[in-house]
Amino acid sequence: MTTTRAHVPEATTAPAVITQESIVTSPLARKVLAIARIVVGFFFLWPFLDKTFGLGFSTPAERAWINGGTPAQGYLDNLDPAQPLAGFFQSAFSNPFGDVVFMLGLLGIGVAMIAGAGLRIAAIGGTLLMAFMYLVALPWIAGGTNPVLDSHWVEAMLLLTAAVTLSGDTWGLGRWWASTDLVRRYRWLR
């Protein structure tokens with residue numbers, strides 16, 4: 001005599017969403033991280049706005065992107081020839097494609113940080129952008145107050161800190177973003 005076991009389907013529950021509270025237990029620390037995230041987001045969004053519309057702070061209206069200005073090309077074409085990687089970056093990014101990548105990078109990083117959603121992508125993209133900007137103007141050649149580090153390192157660390165502490169959960173869309181089906185399926189989008 002054989003017995004047949006009834007097939008019981010396995011539970012198909014989605015993994016629990018990790019929130020900032022499980023990583024950062026201090027409410028004050030969560031608020032400080034949220035403020036830092038928003039500040040660094042505006043730090044990236046502002047140059048996008050100024051370079052796009054020529055608001056006159058670092059970009060005059062006649063050199064605005066919407067008026068035919070070339071934000072990445074303008075910077076790269078004026079590099080100190082003593083910089084060892086100047087030629088590489090000029091040949092790779094001193095073109096309209098480089099302008100689009102640079103400007104969309106500034107916009108995407110800024111919006112993601114301010115909104116608090118997509119912080120991992122923004123942190124990785126922003127860290128790459130900061131690494132390129134560091135390498136294109138090495139401080140021991142360009143001069144400055146520190147021969148090894150410059151502000152690009154600080155900006156990259158702020159981006160990474162915002163991502164790993166899930167700072168978008170406080171005063172941002174991070175918690176909602178994490179609960180979407182897309183992000184639950186592809187956690188790297190968190």
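Model label sites at Ser151 and Trp46, defined 7 Å from Cα along the beta-carbon direction, differ in position by 0.8 nm. In plain terms, the bigger the Kirkwood radius, the slower the diffusion; for the chain, with that radius from Cα pairs, at 4 °C and 1.567 mPa s, Stokes-Einstein puts D at 69 µm²/s. Among the chymotrypsin sites (Phe, Trp or Tyr not before Pro) in the range 111-174, those located in a DSSP loop and surrounded by at most 16 other Cβ atoms within 10 Å of their own Cβ are Trp171. Computed over the range 52-135, the Cα gyration tensor eigenvalues convert (square root of 5λ each) into semi-axes of 22, 19, 10 Å, ordered from largest to smallest.
If R0 is taken as 30 Å, the Cβ-Cβ distance between Ala142 and Trp188 corresponds to a FRET efficiency of 0.30. Peptides 104-113, 62-71 ranked from most to least packed give 104-113, 62-71, packing being the mean of other C-beta atoms within 10 angstrom over each peptide's residues.
Read-outs throughout are calculated quantities, based only on the coordinates presented, and are distinct from any laboratory measurement. Computed from a prediction, not measured in an experiment: that's the story for all the values here. Methodologically, a virtual Cβ is constructed for each residue, glycine included, from the backbone with ideal geometry; neighbour enumeration extends over all protein chains shown.
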